[in-house]
1. Label 7 Å along Cα→Cβ of Ser26; the stretch 68-108 residues with amide nitrogen under 13 Å?
2. Rounded if a/c is under 1.5, else prolate if a/b is larger than b/c, else oblate: which is the stretch 176-230, with a ≥ b ≥ c the root eigenvalues of its Cα gyration tensor?
3. Please report the accessible area of Cys119 (heavy atoms, 1.4 Å probe, ligands and nucleic acids excluded) in Å², nearest 10.
4. At 1.4 Å probe size, with every protein chain present, just tell me what the per residue accessible area of the stretch 240-335 comes to in Å².
5. Between Ala250 and Arg335, what is 0.36 nm times their sequence separation minus the Cα-Cα distance? Round to one decimal in nm.
6. With a sphere of radius 11 Å drawn around the Cβ of Pro321, what net charge do the other residues whose Cβ falls strictly inside it have (Lys, Arg +1; Asp, Glu -1)?
7. Would you please state which residues of the stretch 109-144 a label at Arg182 would reach in this model, taking the label point 7 Å out along Cα→Cβ and a backbone N cut-off of under 13 Å?
8. For the chain, what does -39500 (n - 2.57) per DSSP helix run (n ≥ 4), summed and divided by total residues, give at 222 nm, in deg cm²/dmol to the nearest 500?
Amino acid sequence: MNTTHRSLFSLAVRHDFRGGAYDEFSFVVPPATRAALTDMRAQLRERDGVLHVLIAVDDGGQPVGECTGRQLIFGLVPRSPWFAQYTAAYAIGASERPLFGNDASRDNLDALPRGVELCGLAPAITPQLTARPLDLRVTTPAGAQVALGRLDGSDASWPFSAGLSPGEYILTEIAADSSTARRRIFIEPGLAASGCWGIVALTASAGHVANGHAFTLHLAARRDVLRYYIVVKPANNADFNSIEILDTGAADDGRDAPVTFKRVLPPFGSGRLSPALLDAGGTRSIVLFEAETAVARRARGPHGFELHRNGELLIGNLPQPGAERTDAQFVVHLR
């Protein structure tokens, strides 16, 4: 019997910061996924930032291995050291990582990821509740109980070791007064030490096996409030008051509307640069132009934020926060 390979599914990454598809991640393949791929008679290929899962099929086009219903788990490790600075954060806990799955619809990644705590096979669970005694229960997402534990007296953590298969579980803490705390843990020792930013867990459907499918992970760019501090020794008040910032690039950038800036004089308030830091000698005038709406970061642009004085264009494209900047505050000195 001859076998060939065809696509089961692919996973591409699109990032608004990049303006489209980009080779944003390296994909970590844990041992459990490699074992599943062997059982499925499947292979992995990466090309131009896209992960491809290929399955072996016989002469009649039927899969050689059992593929329907199998879940494949991959870790996402950003290639850029500044990934977190230009990527919009998800509403998950500080110790959690985003888990992207296709649970609601097998043909689409869920609209929002779930936050999970990534751990190995024998994690030491530190509870959120301080009450003792404290009961702890581990269940599958479907509600099947797989482990129970109890903390008494001064016990600080639960050395949970149940030999569970890699995957997602629900940990529930229950105190004597019936107060509870609930969180999601993701057991995958092959990823726990990888430093991955996120996790993708894809379950193959019969439709994927028959026809293949293309998934796209869409990431939004971080949004910042632009602040431009203009430091100048003006000829007079009229000269100083004529300074303005205009957004003339909205149409060319395909933005919905121009960004407007409010003019703020010292003191600027918390979260903004101190006038004493901008002009230690106190000999110059300072005005802050602060965007009234947050602006998404882009690897190229946005463009057309212009600085004018007395109707004259002084700077055609004011600086923008790129990947490496931690904030969106800029200081411009004028003569």
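1. Residues 75-81 qualify, since their backbone N sits under 13 Å from the label point.
2. Note, shape of the stretch 176-230 comes out oblate.
3. 20
4. Averaged over the residues of the stretch 240-335, the accessible area is 56 Å².
5. So the chain would gain 27.7 nm between Ala250 and Arg335.
6. The answer is +3.
7. Only 137-144 fall inside the zone, counting backbone N under 13 Å.
8. Per the formula, -2000 deg cm²/dmol.
The values are calculated or read from the model by the stated rules, or taken from the named source; none is laboratory data. Not measured: the values here are computed from a predicted model. Glycine gets a Cβ as well: all are built from the backbone with ideal geometry, and neighbour counts include every protein chain shown. These accessible areas exclude ligands, DNA and RNA; they are computed on the full protein's heavy atoms, side chains included. Shrake-Rupley method; radii C 1.70, N 1.55, O 1.52, S 1.80 Å.
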